[in-house]
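Below is one structure, written out as structure tokens, with a few remarks after it.
The values are calculated or read from the model by the stated rules, or taken from the named source; none is laboratory data. Because the structure is a prediction, the values reported are computed rather than measured. As a convention, Cβ positions derive from the backbone with ideal geometry for all residues, glycine included, and neighbour counts pool all protein chains shown. Accessible surface areas use protein heavy atoms only, side chains included; no ligands, DNA or RNA. Shrake-Rupley method; radii C 1.70, N 1.55, O 1.52, S 1.80 Å.
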Amino acid sequence: MHWVDEFRDPALAPRWAQRVAALAEPGRTYRIMEFCGGHTHVVHRHGLPALLPPAVKLIHGPGCPVCVLPVGRLDLAIELARAGGVTLCTYGDALRVPASGGMTLLRARAQGADVRLVHSAAEALRLAQQQPQREVVLLALGFETTTPATALVVQQAEQAGLRNFSVLVNHVLTPAAMQAILADRQTPALDGILGPAHVSVVTGARAFEPVARAHRLPIVVTGFEPLDVLQALVLLLQQVRQGRGDVAIQYRRAVSWAGNERAQALIEAVFERREAFEWRGLGTLPHSALRLRPRYAAWDAERRFGLRDRAVPEPKGCRCPEVLRGACAPRDCRLFGRACTPEHPVGACMVSSEGACAAEYAYGLAGRAGAREVPA
Ligand code: SF4
């Protein structure tokens, strides 16, 4: 497949890995965070750590949408789903993430709640049109990648005068998470970041310029094939050697400097920043998440149902908060592969294939024997 196969060429991978090795100065360690869960998946799936010199350490970041959703927000969704007359719609991975007491949306459905798996925000909107006697709530989550689709259905609901549709908004902002990680004392000092690609398609690579400038840290927006990651590592190490801290784009076949300006305008029209939002693992971060503007209050599930945030502890023994900050590796968690597996996840990082624990369980650091696929 054009644009894919040439970035998976097994003959080229060792050559790019050699270029990385040639740039690594003796006696130095390079800590590079792959911010996005998609990159974590690629790194493990293709056994990239085994190709890289030991001096280059890849550290997982928080870029998995369901992983950063705190337990308290999931509790709200479950509470709503159990309320009479409500149909709760959401995307696949969110159904299996454990909330308080190990409850999940999937279990709530098994107990009679009307929980629907949707593949798009538009599907949830259609459901509301088809069943006007029920309240249909979309549990919307994710980074800037999924935000435009949510904005669009809210505008469409307004245009159609649809009053039985609302959105529980959990859209978060990537640059805020990067700033929080770089300020966190438990996260090891980083030499560079593999920047998120899907997010950058919307925001443009320029969204990360303030982060790179503030921390003098190279950020290279990277694609999702193994050669993309290896090329990005070359670009990162070149910057480190030159003492630079700039934003660069490796994934030029999809990402531009300015991004999708129509999508940005749509987000701006429908959403405003929350003063603060709690992230799993990163704590409460100012101006790091979105909510609907007052004009769209009628479609805001929080206002409509009087929902209030509450702080809820992580499952006992789960180290997801540290995994998400790069402060520990999945295998440092005593529950990894024992009490916590993709079939029976204890924490959010074991649920989605983009979660660091799930990726490491499925593929192992260098293609562990018996490694298994994460269930969809
Ligand atoms: Fe949490 Fe499971 Fe990962 Fe441990 S292995 S940090 S319990 S998700």
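Taking only Cα atoms, what is the 0 to 90° angle, nearest 10, from helix 261-270's long axis to the longest principal axis of the chain? Computed tilt is about 40 degrees. Surface exposure of the chain, expressed per residue as accessible area with a 1.4 Å probe, stands at 42 Å².
GNM on the chain, alpha-carbon springs under 10 angstrom: the most fluctuating residue among 103, 350, 33 is 103.
Projecting the Cα positions of 238, 353, 320 onto the charge dipole of segment 225-376 (unit charges on Cβ atoms of Lys, Arg, Asp and Glu, taken about the Cα centre) puts 320 furthest along the positive direction.
Taking Cα atoms only, the orientation of helix 121-130 departs from the longest principal axis of the chain by about 10 degrees. Under 5 Å from the amide H of residue 114 lie the amide H atoms of 88, each residue being 5 or more positions distant or on a separate chain, with H modelled from the backbone and absent for Pro and chain starts.
When the Cα convex hull of the chain is projected onto planes of every orientation, the mean area is 18.6 nm².
First select every other residue whose beta carbon is under 12 angstrom from the beta carbon of residue 128; then total the charges, Lys and Arg +1, Asp and Glu -1.
Working: positive: 116, 126, 134, 163; negative: 123, 135.
Once positives and negatives cancel, what remains is +2.
Note on segment 270-311 and segment 162-191: Cα centroid distance 12 Å, given to the nearest whole angstrom. Counting Lys and Arg as +1 and Asp and Glu as -1 over every other residue whose Cβ lies under 14 Å from the Cβ of residue 306, the net charge comes to -1. On the chain, 52 percent of the accessible area sits on carbon and sulfur atoms, based on a 1.4 Å probe.
Result for the chain in a Gaussian network model with C-alpha springs under 10 Å: among 213, 244, 262, the largest mean-square fluctuation is at 262.
For segment 90-206, the square roots of the Cα gyration tensor eigenvalues, ordered a ≥ b ≥ c, give a/c of at least 1.5 with a/b no greater than b/c, which places it in the oblate category. Remark on residue 300: its backbone amide H falls under 5 Å from those of 167, a criterion applied only to residues 5 or more positions apart or on other chains, H modelled at 1.01 Å from N.
Centroid-to-centroid, using Cα positions, segment 95-157 and segment 64-80 are 12 Å apart.
Go ahead and set up a Gaussian network model of the chain, Cα springs under 10 Å, then flag whichever of 296, 363, 251 fluctuates most. Most flexible of the set in this elastic network: 296.
For the set 75, 309, the ranking by accessible area, highest first and with no ligand, DNA or RNA atoms included, is 309, 75 under a 1.4 Å probe. What is the sum of charges around residue 210, taking Lys and Arg as +1, Asp and Glu as -1, for the other residues whose C-beta is under 13 Å from the C-beta of residue 210? Local charge sum for residue 210: +1. Karplus-based coupling profile of segment 85-95, in residue order and whole Hz: x, 10, 10, 9, 10, 7, 8, x, 4, 5, 5, with θ = phi - 60° in 6.51 cos²θ - 1.76 cosθ + 1.60 and x standing for Gly or Pro. Helix 71-82 and the longest principal axis of the C-alpha atoms of the chain enclose an angle of approximately 30°.
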